[in-house]
Amino acid sequence: MKPRQAEVERNTLETQIRVQINLDGSGQADLHTGLPFLDHMIHQIVRHGLFDLSIQAHGDLDIDAHHTVEDIGITLGQAFAQAVGDKSGIQRYGHAYVPLDEALSRVVVDLSGRPGLVFAVEFPRAQVGGFDVDLFYEFFQGFVNHAMLTLHLDALRGRNTHHIAETLFKACGRALRMAVSPDPRMAGNIPSTKGTLSL
């Protein structure tokens, strides 16, 4: 299998972002978003997905974190889509349940070529470490729209907002890792009766 790597830059009047990803890495992260709690969460995807990921982001954080978080999701989605390529020979589907103390989340993904997000998550608190957890929806929406995949995130239980968020990101990493994993029985074929997983 050829190297599944990509580098994407996104520059707007609001943000300047560069993402480098290797889907066949070892879980190495170099994250500089200006938002420490977001870095901590994305690191969960990297470590549990066994991807290598670098994100360098500069945004208008003096106004609000919204633009930066959304644009990181967009740029990461674009890089993921480029790295995964035509999706020949992969599992396509992935799922994971991840607990952390009292919290439990389920994530299911389909590298369908069609963007779709179901975000069934309620956080007990509005912020963790100064980060507005409502922005996690914007991150995942940006990622899904540009990675061209279907993603279901369900927080099944939990009382601690940090724990809930962490289980979601860990489960996302595990589910993505499963979905992009090679399936030797596919022998380079596209895992779809249509013969394509792109629009």
Problem - Selection of trypsin sites (Lys or Arg not before Pro), region 113-171, meeting DSSP coil and at most 13 other Cβ within 10 Å - result: ARG125, ARG159
Problem - ALA120-SER26 pseudo-label distance in nm [points 7 Å out on the Cα-to-Cβ vector] - result: 3.9
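Considering only the other residues whose Cβ falls under 15 Å of the Cβ of GLN56, what net charge follows from Lys and Arg at +1 and Asp and Glu at -1? Write down the numbers at each step before the final one.
Working: positive: ARG10, ARG18; negative: GLU7, GLU9, ASP30, ASP39, ASP52, ASP71.
Every neighbour counted, the sum reads -4.
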Practice task
Please give the FRET efficiency for ASP183 paired with TYR137, using the beta carbon to beta carbon distance and R0 = 22 Å, rounded to the nearest 0.05.
Solution key: 0.10
Exercise for the section: Hey, can you grab everything whose amide H is under 5 Å from the amide H of GLN91? Only 5+ residues off in sequence or another chain; H modelled, so Pro and N-termini drop out. Expected result: SER181, ASP183
Practice task
Please give, to one decimal in nm, the separation of the simple spin-label points placed at GLN56 and ASN160, each 7 Å out from Cα toward the Cβ.
Solution key: 3.5
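For ARG10, ARG114, what ranking results if the residue with the fewest other Cβ atoms within 10 Å of its Cβ goes first?
Ascending Cβ contact count within 10 Å gives the list ARG114, ARG10.
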Exercise for the section: Have a look at GLN127, VAL180, GLY89 and report the one farthest towards the positive end of the charge dipole of region 5-186, computed about the Cα centre with Cβ charges (Lys/Arg +1, Asp/Glu -1). Expected result: GLY89
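Pulled fully out, how much extra length does the chain show between ASP101 and ASP86, if you take 0.36 nm times their separation in residues and subtract their Cα-Cα distance? Write out the running numbers ahead of the final one.
Values: separation 15, 0.36 × 15 = 5.40 nm, distance 3.84 nm.
Between ASP101 and ASP86, full extension yields an extra 1.6 nm.
Would you mind working out the magnitude of the charge dipole of the chain relative to its Cα centre, with +1 at each Lys and Arg C-beta and -1 at each Asp and Glu C-beta, to the nearest 20 Debye?
On the way: 17 positive and 23 negative charges, 220 e Å.
Charge dipole, the chain, about its Cα centre: 1060 debye, nearest 20.
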Problem - Karplus-derived 3J(HN,Hα), 6.51/-1.76/1.60, for each residue of region 96-109, Hz, glycine and proline x - result: 7, 10, 9, x, 8, 6, 7, 8, 8, 10, 10, 10, 10, 10
Exercise for the section: Please work out which option in (i) 52, 32, 25; (ii) 55, 37, 30; (iii) 47, 40, 29 gives Cα extents along the principal axes in Å calculated from these coordinates, and answer with its label. Expected result: (iii)
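We did not get these values from a lab; they are worked out from the coordinates using the rules stated. Computed from a predicted structure; not experimentally measured. Note that each Cβ is placed from the backbone with ideal geometry, even for glycine, and that neighbours are counted across all protein chains shown.
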